[in-house]
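Written below as structure tokens is the structure these notes are about.
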Amino acid sequence: DEADRQLLRRCRVRLVSELQVAELWDALLSRELFTRDMIEDIQQAGSGSRRDQARQLVTDLETRGRQALPLFISCLEDTGQGTLASLLQSGRQAAKQDPEAVKPLDHLVPVVLGPMGLTAKEQRVVKLDPSQPAVGNLTPVVLGPEELWPARLKPEVLRPETPRPVDIGSGGAHDVCVPGKIRGHADMAYTLDSDPCGHCLIINNVNFCPSSGLGTRTGSNLDRDKLEHRFRWLRFMVEVKNDLTAKKMVTALMEMAHRNHRALDCFVVVILSHGCQASHLQFPGAVYGTDGCSVSIEKIVNIFNGSGCPSLGGKPKLFFIQACGGEQKDHGFEVACTSSQGRTLDSDSEPDAVPYQEGPRPLDQLDAVSSLPTPSDILVSYSTFPGFVSWRDKKSGSWYIETLDGILEQWARSEDLQSLLLRVANAVSAKGTYKQIPGCFNFLRKKLFFKTS
């Protein structure tokens, strides 16, 4: 229940640091707390180290139901880990006596850090005059390419009060920076010189087994065909996998991660499936295999981290997810009409959602900051906001993929990826009676311009 999940979160750091996972597997299997496939997935988590396995085990434990924690405590006792068993057992007993004891600390107040010697009464807001020298003997330091230093910048860029013409609509764009200059500067944009520039794996799940309770995703083959054509046009080697179970999805992704990408400049994964909310530390959401088992987006992304796929180190890794982030339907809110692009939701539109049984959990800051790998050079583009449905038309495909394909066709020659995704979000948000807005988790270090010629 929720009290047990809160207890696990509070004890997570100690569990991860002290848990001896090697002795646990047989005990977990004998009590049917995890299946053998689940344990194999946990053993492969991250780099496969004991600490990574312990972290994944504690994370997955939250999803195993009301009896999970008592059974886990029993497994700890059977494997000689009495200290951790006592820690969890005493925490459960304290929670029964005082439910507030396991709730997250929400009464903390922010601490303002300032120069030494300033008391709380002396703290004040200081407005800096940009025309005056920096405080003390410090002088300003300008970072970035030499040609963009202040002395060489155009006056309109130096004056923030001057409006900068930016258009993310359907036409008449005026780029603030010349794409050609940025493309050729290694400090500002990724280099995509190789031809082909990288692999693109498309996983398209349409037909789900009856026991999964998931419906056929009619229209998804249109999405698959559009993006297969589009990424070939963008100079990628495209591979398509249809109707994969959760385990086969992971196998296909790991096979791709084990390839040598050293001669290539980029990598793309597209997943078209049903989806749901999922417990996470870094990236929200999960997608379903055709067997009804889910794979978290976080796990998919981390297959290609520095230890899992070193030949992609420092290179952009892009993930496009067409799946629901939950089952909420967004009715939107009223604004003055600015677009005629909206279309009504008809009988051919349906969501890629299934109910989420376990509530989303807050981020464990201490463990996340101290132990997780830095997700650099990664961008995960979601078709919808976490927790909300993503709409798909049976006749024309999903709103997100249809729009993404059209934006890439029209603007990929001149705009970077982030600008393209802004256009996608703007266009999708104007559709339908129910509303949808795509978004992304962006950990790219530079601009990315696709290779279109």
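The values are calculated or read from the model by the stated rules, or taken from the named source; none is laboratory data. Everything quoted here is computed from the prediction, not taken from an experiment. No Cβ is skipped: glycine too gets one built from the backbone with ideal geometry, and neighbour counts run over all protein chains shown. Each accessible area value is taken on the protein alone, full model and side chains, heavy atoms only, with ligands, DNA and RNA left out. Shrake-Rupley method; radii C 1.70, N 1.55, O 1.52, S 1.80 Å.
Tell me yes or no: at least one residue of segment 218-227 is at positive phi and touching a strand residue (DSSP E or B) at 6+ places or on another chain (Cβ under 6 Å). Looking for residues that are at positive phi and touching a strand residue (DSSP E or B) at 6+ places or on another chain (Cβ under 6 Å), one finds at least one in segment 218-227, hence yes.
Determine which single condition S279 fails, assuming it passes every other condition in (1) at pLDDT below 95; (2) more than 21 Å from R55 (Cβ to Cβ). Evaluating S279 over (1) at pLDDT below 95; (2) more than 21 Å from R55 (Cβ to Cβ) leaves (2) as the failure.
Among residues of segment 199-214 that are among the aromatic types (F, W, Y), those with a beta-carbon under 7 Å from a residue that is surrounded by 13 or more Cβ atoms within 10 Å (Cβ to Cβ) at least six positions away or on a different chain give the pairs F208/L214; F208/T290; F208/G292.
Quick check on my filter: what residues within segment 422-448 are touching a helix residue (DSSP H, G or I) at 6+ places or on another chain (Cβ under 8 Å) and either in a helix (DSSP H, G or I) or β-branched (V, I, T) (or both)?
Listed by number, the residues that qualify are R423, V424, A427, V428, I437.
Of all positions in segment 56-69, none carries a residue that is within 15 Å of V21 (Cβ to Cβ) and either loosely packed, with under 15 Cβ neighbours inside 10 Å or among the aromatic types (F, W, Y) (or both). Residue-level analysis places K431 among those that are open to solvent by 20 Å² or more (accessible area, probe 1.4 Å), over 21 Å from F267 (Cα atoms) and in contact with a Lys or Arg (Cβ under 8 Å, 6 or more places away or on another chain).
Count of segment 414-424 residues, restricted to those that are surrounded by fewer than 18 Cβ atoms within 10 Å (Cβ to Cβ) and over 17 Å from A189 (Cα atoms), is 1.
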